[in-house]
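Chemist: Supplied in structure tokens, the structure appears directly below.
The values are calculated or read from the model by the stated rules, or taken from the named source; none is laboratory data. All of these numbers come straight from a predicted model, not from anything done at the bench. Heads up, the Cβs are rebuilt from the backbone with ideal geometry, glycines too, and the neighbour counts pull from every protein chain shown.
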Amino acid sequence: MSERSEPRGELTVRTIAMPADTNANGDIFGGWVMSQMDQAGGIAGVERAQGRVVTVAVEAMHFIRPVRVGDVLCVYTHVERIGRTSMTIAVEAWARRFQTRAREKVTDATFTFVAIDQDGKPRPIPQDATGAPAASQGQG
Ligand SMILES: CC(C)(COP(=O)(O)OP(=O)(O)OC[C@H]1O[C@@H](n2cnc3c(N)ncnc32)[C@H](O)[C@@H]1OP(=O)(O)O)[C@@H](O)C(=O)NCCC(=O)NCCS
């Protein structure tokens with residue numbers, strides 16, 4: 001499978017991998033990376049849904065390369081599909097290696113978020129900035 005040399009989507013979260021986030025191998029915990037990806041997807045989801053969202057599913061999580069202490073983790077998001085109350089967001093995590101300009105994709109996954117109201121119930125996602133409800137709409 002050929003790897004793209006450039007990330008897809010918008011840079012949504014950028015953070016540094018710290019010693020407290022390591023596993024017994026001395027690499028960064030996959031769970032920490034997943035958490036950063038969930039937060040990035042949530043930020044993109046809130047922006048698109050114009051309000052609260054929750055994660056309902058994570059699919060196709062691939063850990064491609066390890067993240068190491070000192071790497072800068074850059075998480076990119078791309079809204080792939082908008083349903084009535086749910087949306088699918090492609091999330092890629094790239095590591096800018098410690099003290100270098102080298103950048104590698106380390107993880108990718110597809111997150112599904114649901115827009116919720118004050119009671120935690122699904123609510124329609126606005127079609128656009130005017131707040132009109134969405135019909136089924138894809139975003140390429
Ligand atoms: C998300 C939640 C509000 C959905 O409630 P629900 O009663 O199951 O809602 P619905 O069955 O009406 O589904 C709502 C939308 O979610 C989608 N959906 C539900 N379960 C899904 C799943 N496992 N995978 C993908 N999409 C899913 C439905 O297809 C629907 O999408 P659409 O409106 O665009 O067609 C509810 O399941 C929930 O609160 N889950 C916990 C979320 C949470 O706490 N996340 C943090 C985890 S720590």
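Chemist: Just checking, how many residues over segment 35-49 are among the charged types (D, E, K, R) and farther than 20 Å from HIS62 by Cα?
Modeler: Number of matching residues: 2.
Chemist: Also, quick follow-up: Among the residues that make up segment 33-40, is at least one of them within 27 Å of ARG123 (Cα to Cα), of a type in the set (Asp, Glu) and under 13 Å from the mean Cα position of the chain (by Cα)?
Modeler: Yes, some residue in segment 33-40 is within 27 Å of ARG123 (Cα to Cα), of a type in the set (Asp, Glu) and under 13 Å from the mean Cα position of the chain (by Cα).
Chemist: Sticking with this structure for a sec: Evaluate segment 41-51: report whether one residue or more is touching a helix residue (DSSP H, G or I) at 6+ places or on another chain (Cβ under 6 Å), surrounded by 13 or more Cβ atoms within 10 Å (Cβ to Cβ) and under 30 Å from ASP117 (Cα atoms).
Modeler: no
Chemist: Separate question: In the set ARG4, ARG14, ARG8, which member is closer than 16 Å to PHE63 by Cα and basic (Lys, Arg)?
Modeler: Working: ARG14 fails: closer than 16 Å to PHE63 by Cα; ARG8 fails: closer than 16 Å to PHE63 by Cα.
Among ARG4, ARG14, ARG8, only ARG4 is closer than 16 Å to PHE63 by Cα and basic (Lys, Arg).
Chemist: Let me ask something additional. Which of (1) closer than 28 Å to ASP128 by Cα; (2) among the basic types (Lys, Arg); (3) touching a Lys or Arg at 6+ places or on another chain (Cβ under 6 Å) does ARG81 not meet, given it meets every other one?
Modeler: It is condition (3) that ARG81 fails.
Chemist: Out of all the residues in segment 79-122, which are more than 21 Å from the chain's Cα centre (by Cα) and within 13 Å of the ligand (Cβ to nearest atom)?
Modeler: Matches in segment 79-122: ASP117, GLN118, ASP119, GLY120, LYS121.
Chemist: Follow-up question, since we're still on this one. Residues that are under 14 Å from GLY41 (Cα atoms) and either of a type in the set (Phe, Trp, Tyr) or surrounded by fewer than 18 Cβ atoms within 10 Å (Cβ to Cβ) (or both): does segment 81-99 have at least one?
Modeler: Pass one, segment 81-99, residues under 14 Å from GLY41 (Cα atoms): 81-82, 86-93.
This time we only want the ones that are either of a type in the set (Phe, Trp, Tyr) or surrounded by fewer than 18 Cβ atoms within 10 Å (Cβ to Cβ) (or both), so: 81.
Among the residues of segment 81-99, at least one is under 14 Å from GLY41 (Cα atoms) and either of a type in the set (Phe, Trp, Tyr) or surrounded by fewer than 18 Cβ atoms within 10 Å (Cβ to Cβ) (or both), which makes the answer yes.
Chemist: If I go through segment 123-140 residue by residue, how many of them are among the hydroxyl-bearing types (Ser, Thr, Tyr) and either under 22 Å from the mean Cα position of the chain (by Cα) or modelled with pLDDT of 95 or more (or both)?
Modeler: So the count comes out to 1.
Chemist: Let me ask something else. Whether any residue in segment 59-68 is surrounded by fewer than 13 Cβ atoms within 10 Å (Cβ to Cβ), within 16 Å of the ligand (Cβ to nearest atom) and of a type in the set (A, V, I, L, M) is what I want to check.
Modeler: Yes: segment 59-68 contains one or more residues that are surrounded by fewer than 13 Cβ atoms within 10 Å (Cβ to Cβ), within 16 Å of the ligand (Cβ to nearest atom) and of a type in the set (A, V, I, L, M).
Chemist: Of the residues that sit in segment 30-54 and are touching a Phe, Trp or Tyr at 6+ places or on another chain (Cβ under 6 Å) and either under 13 Å from VAL106 (Cα atoms) or not in a helix (DSSP H, G or I) (or both), which one is nearest to the ligand (Cβ to nearest atom)? Let's see the steps before the verdict.
Modeler: Taking segment 30-54 as the starting set, the residues that turn out to be touching a Phe, Trp or Tyr at 6+ places or on another chain (Cβ under 6 Å) are 30, 41, 45, 53.
Adding the requirement that they be either under 13 Å from VAL106 (Cα atoms) or not in a helix (DSSP H, G or I) (or both) leaves 30, 53.
Values: GLY30: 16, VAL53: 9 Å.
By that ranking, first place goes to VAL53.
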